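The structure appears below as structure tokens.
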Amino acid sequence: MSDLQQLETELLAAVTGAATLKDIEAVRVNALGKKGQVSVLMKGLGKMQPEERKPFGQAVNGLKQRVATALDARKSTLEDEALAEKLASETTDITLPVRPSPMLEGRIHPISQVWEEVTEIFADMGFSIAEGPDIEDDFHNFTALNIPPEHPARQEFDTFYFGKKEDGSRPVLRTHTSPVQIRTMENEKPPLRIIAPGRVYRCDSDQTHTPMFHQVEGLVIDRETHFGHLKWVLEEFFKAFFELDDIKMRFRASHFPFTEPSMEVDIGYAKVGDEIRIGEGNQWLEVLGCGMVHPNVLKSVNLDPDEYQGFAFGVGIDRLAMLKYGMPDLRAFFAADLRWLRHYGFSSLNMPTIAGGSGV
Ligand code: DAH
């Protein structure tokens with residue numbers, strides 16, 4: 001066997017014996033790399049006599065090509081094998097049910113859900129969110145809202161008072177979200193269009209009252225907003241919230257110190273068995289207080305009532321949740337009973353959106 005044949009046999013055997021992509025690369029470098037055995041032979045051609053050079057050159061070239069072809073073939077086989085092995089070891093069965101995880105186990109409390117729904121609907125109408133502290137001073141909770149110290153309305157609120165401070169003042173747990181109206185008007189100039197969802201506190205407890213509950217306050221202040229705008233905003237809100245094309249609403253004259261005129265809004269419903277059906281029937285349920293902001297309230301934040309006007313409203317979030325999702329006892333909301341929460345709670349993956357229906 002000539003030296004060339006001997007070399008070819010050895011190289012091809014090495015190619016066949018290569019078990020990994022790393023091996024095959026080593027074989028390639030040893031044969032065809034710059035200092036590889038075949039390359040060295042090619043370089044030697046220059047020193048040969050012309051008549052020898054031609055046949056030897058052809059023979060080396062042939063060898064080179066056969067080795068290169070063998071290398072490529074072996075390499076691609078090894079690549080296929082590597083891929084198949086990877087695919088086999090990394091298979092994921094996407095038809096398997098999702099594993100239980102805290103994300104799926106957990107439930108959003110109906111109050112949080114309704115809070116989000118209300119926020120979403122008003123945000124869509126161009127309202128921004130305002131906030132205020134749960135512990136309020138007398139001025140923001142009462143006086144600035146046109147409830148001076150001796151006003152009888154103070155008694156209606158069943159206020160939780162803190163002990164007297166050194167300066168003689170007594171902080172309170174806010175009895176409503178209305179003080180956020182004052183704080184907003186103190187800090188920002190009109191035009192204003194805000195809602196303020198939050199916790200409120202009153203010393204009261206029975207089937208429909210808890211010492212802590214939730215309200216959303218609304219406030220619009222500019223130069224031209226009138227009662228018609230208020231009616232429209234509330235109607236749009238209730239239609240979106242209850243996901244109905246039409247809703248029966250009744251505005252009843254009422255009294256609040258911070259609005260003039262003041263109204264209470266009732267919503268029409270029918271009771272079928274134990275179920276409450278909103279938008280049907282001829283029974284009425286009070287859901288909200290509202291009115292045009294009282295001139296004294298504007299004056300208390302140094303806004304000129306001859307220049308500015310607007311409306312305000314306050315609605316109970318817990319009451320809305322009870323109505324929409326048919327939950328009869330308010331106290332269950334705060335009992336931290338997991339069975340109740342699993343039944344009435346919402347999946348964290350269901351975000352309320354206007355497009356998807358606010359309470360999917
Ligand atoms: N603050 C009132 C309450 O807690 C609710 C309310 C009524 C708020 C009328 C308002 C309003 O902004 O205009 O009973």
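The values are calculated or read from the model by the stated rules, or taken from the named source; none is laboratory data. Here the structure is a predicted model, which means the values were calculated and not measured. Note: ideal-geometry Cβ built from the backbone for every residue, glycine included; neighbour counts use all protein chains shown. Accessible surface is based on the protein model in full, side chains and every heavy atom, while ligands, DNA and RNA are left aside. Shrake-Rupley method; radii C 1.70, N 1.55, O 1.52, S 1.80 Å.
Summary table
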{"read-out": "Residue list for region 170-211, filter: more than 11 Å from the ligand (Cβ to nearest atom), open to solvent by 50 Å² or more (accessible area, probe 1.4 Å), part of a loop (DSSP other than H, G, I, E, B) and more than 21 Å from Thr225 (Cα to Cα)", "value": "Arg170, Cys203, Asp204, Ser205, Gln207, Thr208, Pro211"}
{"read-out": "When residues of region 220-244 are limited to those that are over 25 Å from the mean Cα position of the chain (by Cα) and among the β-branched types (Val, Ile, Thr), the one farthest from Gln181 (Cα to Cα)", "value": "Thr225"}
{"read-out": "Matching option when the condition is within 11 Å of the ligand (Cβ to nearest atom) and either acidic (Asp, Glu) or under 21 Å from Leu219 (Cβ atoms) (or both), among Ser300, Ser254", "value": "Ser254"}
{"read-out": "Verdict on Gly281 being outside any helix (DSSP H, G or I) and either more than 16 Å from the ligand (Cβ to nearest atom) or polar (S, T, N, Q) (or both)", "value": "yes"}
{"read-out": "Flag if Ile276 is away from the ligand (no atom under 16 Å from the Cβ) and either at pLDDT 90 or above or more than 34 Å from the chain's Cα centre (by Cα) (or both)", "value": "no"}
{"read-out": "Neighbours by Cβ (under 7 Å, 6+ apart or cross-chain): first from region 130-153, of a type in the set (D, E, K, R); second assigned to a strand (DSSP E or B)", "value": "Glu131/Ala196; Glu131/Gly198; Asp134/Leu173; Asp134/Arg199; Glu136/Val172; Asp138/Val172"}
{"read-out": "Given (1) more than 16 Å from the ligand (Cβ to nearest atom); (2) out of contact with any helix residue (DSSP H, G or I) (no Cβ under 6 Å at 6 or more places or on another chain); (3) closer than 21 Å to Gln215 by Cβ, number of the condition Glu264 does not satisfy", "value": "(1)"}
{"read-out": "Complete set of residues in region 212-236 that are open to solvent by 50 Å² or more (accessible area, probe 1.4 Å) and either free of Cβ contacts under 8 Å to residues at least 12 places away in the same chain or of a type in the set (A, V, I, L, M) (or both)", "value": "Trp232"}
{"read-out": "Condition met for Glu307 (open to solvent by 40 Å² or more (accessible area, probe 1.4 Å) and either part of a strand (DSSP E or B) or within 16 Å of the ligand (Cβ to nearest atom) (or both))", "value": "no"}
{"read-out": "Among (1) among the hydrophobic types (A, V, I, L, M, F, W, C); (2) in contact with a His (Cβ under 7 Å, 6 or more places away or on another chain); (3) loosely packed, with under 14 Cβ neighbours inside 10 Å, the one test that Ile111 misses", "value": "(3)"}
{"read-out": "Answer from Val301, Val297 - the residue that is surrounded by 21 or more Cβ atoms within 10 Å (Cβ to Cβ) and at pLDDT 90 or above", "value": "Val297"}
